[in-house]
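Heads up, the thing below is written out as structure tokens.
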Amino acid sequence: MILGKANLSEWANFRGFAPFNGWSARGGFTREPYLLSFDPCGSSSGSAVASAANLCAAAVGTETDGSVVCPSGNNLVVGLKPTLGLLSQDGIIPIAHSQDTAGPICRTVTDVAVLLGSMQTPFGAVAGHALPDDYTVFLRRGALSGARIGVDRRYFTADYGGEDDLVAVAQEGLDAMTSLGATLVDTDTAVEKQVIDELCRTQGVLAVRYLPADGG
């Protein structure tokens with residue numbers, strides 16, 4: 001049962017940011033329920049806030065690059081951007097068909113797993129793969145044994161917003177995954193930017209605008 005639609009950053013923040021994310025002409029500013037003056041992040045601000053404030057059992061957001069995971073993080077709930085092609089893009093106005101997807105936002109990891117299973121509507125390359133009927137099986141003890149988890153260490157540094165208290169919490173989570181059998185693999189997504197810059201240089205492109213991670 002769909003109870004309602006949530007407020008969000010209008011057109012992925014193209015209408016402005018001040019004083020923080022989550023503004024639309026129809027709904028005004030979305031407020032982070034634990035601290036009204038704190039940035040709820042965007043674009044799917046209202047979905048994360050509704051889950052955090054316990055206004056609904058679960059919510060759905062959409063993401064190009066950060067619009068599910070950033071609001072979820074700022075509002076202390078759980079958000080997941082699924083593999084592109086796992087969930088239908090019907091009804092989504094995309095910034096990029098190659099990136100945009102809906103994703104569950106809930107208060108717990110278990111709720112996210114349940115909602116993901118009920119939402120999956122595979123298309124494209126994903127439709128040709130065998131998919132789980134129930135994602136909660138991956139929450140059982142031992143499920144992380146042998147898993148490889150990529151960690152972009154740049155975001156643990158001050159230059160990329162790695163505040164000491166946030167880094168400490170994130171490291172606790174990484175340590176827990178390691179203790180449960182996962183292998184952490186350090187990565188560096190800055191390489192992607194270098195590749196794009198080189199392509200632009202060789203193709204005669206003058207400039208590239210990089211959207212912030214919480215910009216939709």
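Please compute the modelled spin-label separation between residue 83 and residue 97, points set 7 Å along Cα→Cβ, answer in nm with one decimal.
2.1
If the viscosity is 1.002 mPa s and the temperature 20 °C, what Stokes-Einstein diffusion coefficient in µm²/s follows for region 14-64 when Rh is the Kirkwood radius over Cα pairs?
Details: Rh = 11.2 Å.
Here the translational diffusion coefficient equals 191 µm²/s.
Could I have the simple spin-label model distance between residue 138 and residue 169, label points 7 Å from Cα toward Cβ, reported in nm to one decimal?
2.3
Accessible area per residue of the chain at 1.4 Å probe, in Å²?
Dividing the accessible area of the chain by its residue count gives 61 Å².
Before rounding to the nearest 500, sum -39500 (n - 2.57) across all DSSP H runs of length at least 4 in the chain and divide by the residue total; then give [θ] at 222 nm in deg cm²/dmol.
Here the helix-only value at 222 nm equals -7500 deg cm²/dmol.
Exactly which trypsin sites (Lys or Arg not before Pro) in region 1-45 are in a DSSP loop and have at most 14 other Cβ atoms within 10 Å?
On the way: sites: 5, 15, 26, 31; in loops: 5, 15, 26, 31.
The qualifying sites are 5, 15, 26.
Run a plain Debye calculation on region 58-191 (Cα atoms as equal point scatterers, no solvent) and give log10 I(q)/I(0) at q = 0.12, 0.14, 0.17, 0.18 Å⁻¹, rounded to two decimals, same order as the q list.
-0.56, -0.77, -1.15, -1.27
Once fully extended, how much extra length lies between residue 129 and residue 37, figured as 0.36 nm per residue of separation less the alpha-carbon to alpha-carbon distance? Show your work: numbers first, answer last.
On the way: separation 92, 0.36 × 92 = 33.12 nm, distance 4.46 nm.
Contour length minus the Cα-Cα distance gives 28.7 nm.
The values are calculated or read from the model by the stated rules, or taken from the named source; none is laboratory data. Bear in mind that the values here come from a model prediction, so they are computed numbers and not experimental data. No Cβ is skipped: glycine too gets one built from the backbone with ideal geometry, and neighbour counts run over all protein chains shown. Heads up: the accessible areas ignore ligands, DNA and RNA and are worked out on the full protein's heavy atoms, side chains in. Shrake-Rupley method; radii C 1.70, N 1.55, O 1.52, S 1.80 Å.
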